[in-house]
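Participant: Take a look at the following structure, please.
The values are calculated or read from the model by the stated rules, or taken from the named source; none is laboratory data. This is a predicted model, so every value here is computed, not measured. Glycine also receives a Cβ, built like all others from the backbone with ideal geometry; neighbour counts cover every protein chain displayed. Heavy atoms of the whole protein, side chains included, go into the accessibility calculation; ligands, DNA and RNA do not. Shrake-Rupley method; radii C 1.70, N 1.55, O 1.52, S 1.80 Å.
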Amino acid sequence: MTDIDELRRQALEAVEATTTLDELDEARVRYVGRRSELALAQRGLGDLDPEERKERGKQLNAVRGAVEQALEERRSVLAQAALEARLADERLDLTLPPRRVPPGRPHLLTQVEEEIVDAFIGLGYRVAEGPEAESGAYNFDLLNIPPDHPTRTEMDTIYVEGYEDVVLRTHTSPVQTRVLTDQAPPVAVVVPGRVYRADTVDATHSPVFTQVEGLLVDTDITMAHLRGTLLELCRALFGAEREIRLRPSFFPFTEPSAEVDVSCGFCDAAQRGDAAGAADCRVCSGTGWIEILGAGMVDPNVLSACGIDPEVHSGFAFGIGVERVAMLRNGVADIRDFFDADARFLARF
Ligand code: PHE
């Protein structure tokens, strides 16, 4: 057999040379395993005479002890290195830029609609809704719009083919008559929804658009309540500094009726009363005012038609165009942008 010192030297060198735990295991089998030279030599001790056996046994034990200790030390070095390698390998580099997933958000029209609705919920109104395919009774008759009114022609109104007297509602006002025929005053509702008109598409017209209607009916409701409410709405939408003005107008379902203007926030003509100074303002064309909605006191004929006594109750109503508000406020020049679903447009708001 190899010289015992040589065996020891080889074994320790081999252990030291291992670079992985697998290699270390191979070295262990080879130098101290059951079929290693050392094990064979220890098993052969029995054939020696007692004196020699004792001496040789001691030497072999010493070699085994030294190799096993070297194995143990090497194991802990390699295990530590393996752990460090794994940690380094699995480390998350938090400085890497993540893949950008653009967050979704509500459409600008939905945002504006929700702002208007929220303003009225804050004032104690509840949300009411009605169908988009509506009967002429709710859309016209109960609203005091006579059968021969020009708005009822196919020039202006989209009729649903195959049905008697069913239209795509031309405004959200039919929800007024739905609520009033269904519920006794006091009534305070806000009504968001889509409406339809037989309009040709251009930069400011669309055959489908969005309105929010408001209706309040109680005892002793006056125009002053309407004015205060609309001022609140306009300031919620356009800013705390805005003023409003009411101009006489006409709607069959309100009397008196008004067009409501909000002061222009894009030029200071309103504050200065100086139209010439702001004549180039593209938003208000120098008037200092922007027409924003239609409103009025609920016509006594509408209350009566809905079974409410106009001697006891009074109320106001208004309807606001959501596209128009969004265009004015957010600088959208073309109403078609709302419906094109161009991601570059959508991402702006
Ligand atoms: N329905 C009217 C329109 O669409 C707006 C309006 C609503 C006017 C309520 C007065 C009262 O133009």
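Yes/no matrix, rows are residues, columns are (1) open to solvent by less than 50 Å² (accessible area, probe 1.4 Å); (2) farther than 30 Å from A82 by Cα; (3) in a helix (DSSP H, G or I):
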| residue | (1), (2), (3) |
| --- | --- |
| A11 | yes, no, yes |
| A14 | yes, no, yes |
| E26 | no, no, yes |
| R30 | no, no, yes |
| R34 | no, no, no |
| L40 | no, yes, yes |
| E52 | no, yes, yes |
| Q59 | no, yes, yes |
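Participant: Look at Q176 and say whether it is open to solvent by less than 10 Å² (accessible area, probe 1.4 Å), under 23 Å from F140 (Cβ atoms) and either away from the ligand (no atom under 16 Å from the Cβ) or of a type outside the set (D, E) (or both).
Facilitator: Against the criterion (open to solvent by less than 10 Å² (accessible area, probe 1.4 Å), under 23 Å from F140 (Cβ atoms) and either away from the ligand (no atom under 16 Å from the Cβ) or of a type outside the set (D, E) (or both)), Q176 qualifies.
Participant: Looking at F345 and the list (1) within 16 Å of the ligand (Cβ to nearest atom); (2) under 27 Å from the mean Cα position of the chain (by Cα); (3) aromatic (F, W, Y), which single condition is not satisfied?
Facilitator: Looking at each condition in turn, F345 falls short on (1).
Participant: Return yes or no: is V217 within 13 Å of the ligand (Cβ to nearest atom), among the aliphatic types (A, V, I, L, M) and in contact with a His (Cβ under 6 Å, 6 or more places away or on another chain)? Outline the logic, then answer.
Facilitator: Details: within 13 Å of the ligand (Cβ to nearest atom): yes; among the aliphatic types (A, V, I, L, M): yes; in contact with a His (Cβ under 6 Å, 6 or more places away or on another chain): yes.
So V217 fits the description; yes.
Participant: OK, next. Does segment 284-304 hold any residues that are more than 11 Å from the ligand (Cβ to nearest atom) and over 30 Å from Q111 (Cα atoms), and which are they?
Facilitator: P300, N301, L303, S304
Participant: Would you mention how many residues in segment 210-268 are among the aliphatic types (A, V, I, L, M) and farther than 27 Å from P146 by Cα?
Facilitator: Adding up the residues that qualify gives 9.
Participant: Kindly indicate whether any position in segment 106-129 is closer than 19 Å to C306 by Cα and either surrounded by 10 or more Cβ atoms within 10 Å (Cβ to Cβ) or under 26 Å from the mean Cα position of the chain (by Cα) (or both).
Facilitator: Taking segment 106-129 first, the residues closer than 19 Å to C306 by Cα are 128-129.
Then drop every residue that is not either surrounded by 10 or more Cβ atoms within 10 Å (Cβ to Cβ) or under 26 Å from the mean Cα position of the chain (by Cα) (or both), which leaves 128-129.
Yes; the residues of segment 106-129 include at least one that is closer than 19 Å to C306 by Cα and either surrounded by 10 or more Cβ atoms within 10 Å (Cβ to Cβ) or under 26 Å from the mean Cα position of the chain (by Cα) (or both).
Participant: Quick check on segment 179-197: of everything there that is open to solvent by 40 Å² or more (accessible area, probe 1.4 Å) and part of a loop (DSSP other than H, G, I, E, B), which residue is farthest from I158 (Cα to Cα)?
Facilitator: Only one residue tops the list, namely P186.
Participant: If R247 meets every condition in (1) more than 16 Å from the ligand (Cβ to nearest atom); (2) at negative phi; (3) among the charged types (D, E, K, R) apart from one, which number is that one?
Facilitator: In the conditions (1) more than 16 Å from the ligand (Cβ to nearest atom); (2) at negative phi; (3) among the charged types (D, E, K, R), R247 misses (1) alone.
Participant: Another question about this same structure. Just to be sure, is V201 away from the ligand (no atom under 16 Å from the Cβ), of a type in the set (A, V, I, L, M, F, W, C), surrounded by fewer than 18 Cβ atoms within 10 Å (Cβ to Cβ) and more than 25 Å from G331 (Cα to Cα)? Let's see the steps before the verdict.
Facilitator: On the way: away from the ligand (no atom under 16 Å from the Cβ): yes; of a type in the set (A, V, I, L, M, F, W, C): yes; surrounded by fewer than 18 Cβ atoms within 10 Å (Cβ to Cβ): yes; more than 25 Å from G331 (Cα to Cα): no.
No: the conditions fail for V201.
Participant: Further question on the same structure: Check off (1) at pLDDT below 95; (2) under 24 Å from F316 (Cα atoms); (3) of a type outside the set (A, V, I, L, M, F, W, C) for P131 and give me the number that stays unchecked.
Facilitator: Tallying (1) at pLDDT below 95; (2) under 24 Å from F316 (Cα atoms); (3) of a type outside the set (A, V, I, L, M, F, W, C), P131 fails exactly one: (1).
Participant: For segment 214-236, enumerate the residues that are under 19 Å from N330 (Cα atoms), out of contact with any helix residue (DSSP H, G or I) (no Cβ under 6 Å at 6 or more places or on another chain) and surrounded by 17 or more Cβ atoms within 10 Å (Cβ to Cβ).
Facilitator: Of everything in segment 214-236, just one residue is under 19 Å from N330 (Cα atoms), out of contact with any helix residue (DSSP H, G or I) (no Cβ under 6 Å at 6 or more places or on another chain) and surrounded by 17 or more Cβ atoms within 10 Å (Cβ to Cβ), namely C234.
Participant: From the residues in segment 305-333 that are within 14 Å of the ligand (Cβ to nearest atom) and open to solvent by less than 10 Å² (accessible area, probe 1.4 Å), which one is farthest from E291 (Cα to Cα)?
Facilitator: Out of the qualifying residues, it is G315.
Participant: Additional query: Regarding D93, is this residue open to solvent by 50 Å² or more (accessible area, probe 1.4 Å) and modelled with pLDDT under 95?
Facilitator: It is true that D93 is open to solvent by 50 Å² or more (accessible area, probe 1.4 Å) and modelled with pLDDT under 95.
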